[in-house]
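Shown next, in structure tokens, is the structure this report addresses.
Bear in mind that the values in this text are calculations on the coordinates, not laboratory data. On a predicted model such as this, the values are computed, not experimentally measured, just so you know. Positions of Cβ are backbone-derived with ideal geometry, glycine not excepted, and every protein chain shown enters the neighbour counts.
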Amino acid sequence: MNVSQVIDRLREDNAFRANLTAWRSFAPLPGHYMPFPDGVAPALAEGLRKRGISSLYTHQYEAFEALQAGKHVCVVTPTASGKTLCYNLPVLNRLLREPDTRALYLFPTKALSQDQVAELTETIETLEVRIGAYTFDGDTPTSARTAVRNAGHIVVTNPDMLHAGILPHHTIWIRLFENLKYVVIDEIHHYRGVFGSHLANVIRRLKRICAFYGTSPQFICCSATIANPAELAEKLIEAPVVLVDNNGAPSGEKHFLFYNPPVVNRELGIRASSVKQAGHLAASLLFRQIQSIVFARSRLRVEILTTYLKEAVARKGGDPAKVRGYRGGYLPTERREIERGLRNGEVMAVVSTNALELGIDIGSLDVCIMCGYAGGVARTWQQAGRAGRRSATALVILVASSAPLDQYIIGHPDYFFEQSPESATIDSNNLFILTSHLKCAAFELPFTEGDAFGVDAVSTAELLDFLAQHRILRKTRNRWHWSAETYPASDISLRTAAPGNVVILDTTDNGRVIGEVDFFNAPVEVYENAVYLHETRQYTIERLDLEDRKAYARPVEVDYYTDAEMKVDLRVLDCLQASEQENATLCRGEVSVTWLPTVYKKIRFGTHENVGWGEIHLPEQTMHTTGFWIEYPEDIDERCGMGREALGEALHALANALRQVAPVHVVCDPSDILATARLRAPGSEKPSVFLYERYPGGVGYSEKLYTHNTRVLEAAIALLSGCPCREGCPSCVGPALETGTRGKSGALKLAHIALEKRKGS
């Protein structure tokens, strides 16, 4: 059975169609082509023809011409539109004419780096010249690293390795930096929030070292469709770019379905499990020999879905090995094996986090199922692009969870299909991030008075003096030198504002590393007695050592997984902006957040019922970050005609609703923005609702929430008004047991009040 036949069956399935909120079909589009430009070397043009490429798409042609003119370029086209050739063509062309040329390729993941080297090697083999294209990352053997440094015309790496393995050791990379002509940054839409803010500082360090060696490379940035690609690229490289977004690649027919699981408890607003529904759909495709990918929002969901699918295959007498999970924390060898299996057809279904939404070559997939909304328009289209890369027809099904954000999107399909993708946000001058990279830059090259790093020269000097006071730097005359004994890059993770990851060790297998988790999430994922899932195998955490960043685990077989809860305390440090409404004040500023994991629940596989609980004994942690909040007058309960208890329920319900719709207007993961409510907020003593960033110092999300507060509040009202429940449910404000029977109606009142403009304004 092929995809077209599956689509026909779904059209005839009335029970399935009853739960659809949207079925959008996109007709195939023709390609637009241009001949090879005159500047392309004949040998390269001939080599491309050998690979079946006899002309260029219009966007490939435009990118080449802009680069030939000496411009920085940002290419923005959909998945599988040939962005790779946009940078391989000018780089290889320059190498053929100037053999000493060097290029640096940056990809957000090691998996993508490996995939691109394979693509490069195939092209180079047709040229019949010696061009070295090598991967340099954590998996590169020590014995091969010298060869990469000496013979690598094209060095393919990731930001983490550039940050910790190349820039601090630039003296042994002289050949690269003295001849560096191009820097490629692929998938720049991935560099948002903390990761993007870190990368902007890594690029500052790179440009500083290049200037020291007398080079000024051109930057080639590539992105999936977002609202502000040129702005993001310019923030990352701090230089103007030429935007190339006229996509000339053809595309096949695509069907995009929005599926809302049926309601199983109308009074409570509870729907059938999205995990079970997605698993059922994936299993039915698997039995029809349709190769598919299932995206899940979390590592835990990946493991649960993989377990369900393997069991379904085994019950039918099939091979469970045809189903694989894929996520961060898997070892490199496991990831490469899964990617090969997808390309050669040995793996028929893969369940993945967003780790596979990037441009890794995993062959021709027919169907994409999303278990839950990806968190943004751009990201959802990126995942949808994994289906139909090489087939005429593709099917994409979004299976909504009961989460409020999912229900908002599934209930407003026009918003999704007609909305332009969101803007990506970074803050490269976040004080925590900037100072961390200033240390790294000082380790690499001394600073001289008048030097500026990110901020102006005066501010840079103040930060350098601060580091000198703490004996990290030493100032002699007008220069600052590194003096600490530590190696600064090793203490800085680009993926989080917190330092380092926590590794998980199997105590029954000589301490073998089975995975890792970032420091921030460790207290709620690998606490003592937590069940950790890896490739469907279960481990119980015996001990978590946050100081040494190690979690000790042993294999177990249980019929449940665990989920932790946290207690959060928040206080305002400084209000930076405020807007007075008729009966509320909207604010943005700096906040201090203290969190403490308290208990965990044991949730049974299959039924998802709570079968037990336990206490978590870990020290509380505090961070300074930025937030957006709404303050109400102390007597708002009297003005609204509700009691004090009802007001508390309403505040909590509004916090939940705002947190769920906020990622719609900010390009971030739902977990990047957290929320809490206070009947008497510390300091102001006023009823307040807070949205705050989960990263020290913040990265710009709160400012965006403040700027777009009207849209966010209107989206919350639409979510609450559109939900069919009477008193609140998990699809809008959270379970009624948590928000009370008056939470939903009260939240609606408070949201409308926050929108009321002052009379005469």
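What to note about this one:
- Across the options VAL399, ILE753, PRO159, the greatest Cα extent toward the positive end of the charge dipole of the chain (unit charges at beta carbon of Lys, Arg, Asp, Glu) belongs to VAL399.
- Theoretical FRET efficiency, 1/(1+(r/R0)^6), r = Cβ-Cβ of SER55 and THR622, R0 45 Å, to 0.05: 0.15
- Annotation: peptides 53-64, 124-135, 283-294, ranked by per-residue average of other Cβ atoms within 10 Å with the highest first, follow the order 53-64, 283-294, 124-135.
- Extreme residue, positive dipole direction of the chain, given options SER55, ALA522, VAL194 (C-beta unit charges): SER55
- Virtual spin-label span in nm between THR333 and THR540, 7 Å along Cα→Cβ: 2.9
- Dipole magnitude of segment 363-481 about its Cα centre (Cβ charges: Lys, Arg +1; Asp, Glu -1), debye to nearest 20: 600
- Here the scattering of segment 17-74 is modelled by Debye summation over its C-alpha atoms, one equal scatterer each and no solvent; at q = 0.17, 0.23, 0.28 Å⁻¹ the log10 of I(q)/I(0) is -0.67, -0.99, -1.17.
- With an a/c value of 1.5 or above and a/b not larger than b/c for the gyration tensor axes a ≥ b ≥ c computed over the alpha-carbon atoms, segment 431-491 is described as oblate.
- Note on the chain: Rg/Rh from Cα positions, Kirkwood definition for Rh, rounded to two decimals, is 0.96.
- Percentage relative contact order, the chain, counting C-alpha pairs under 8 Å, at least six apart: 12
- Distance between modelled label sites at LEU576 and MET1, nm, 7 Å Cα→Cβ extension: 5.4
- Sequence ranges 516-525, 101-110, 456-465, ranked by mean other-Cβ count within 10 angstrom, highest first: 101-110, 516-525, 456-465
- Positive end of the dipole of segment 33-244 (Cβ unit charges, origin at the Cα centre): among PRO168, THR84, ASN228, the Cα lying farthest that way belongs to PRO168.
- For the chain, the Cβ-based charge dipole about the Cα centre amounts to some 1000 debye (Lys, Arg positive; Asp, Glu negative; other atoms uncharged).
- Label-point separation in nm, VAL455 to ASP13, each point 7 Å along Cα→Cβ: 5.7
- Peptides 402-408, 212-218, 625-631 ordered by average Cβ neighbours within 10 Å, highest first: 625-631, 402-408, 212-218
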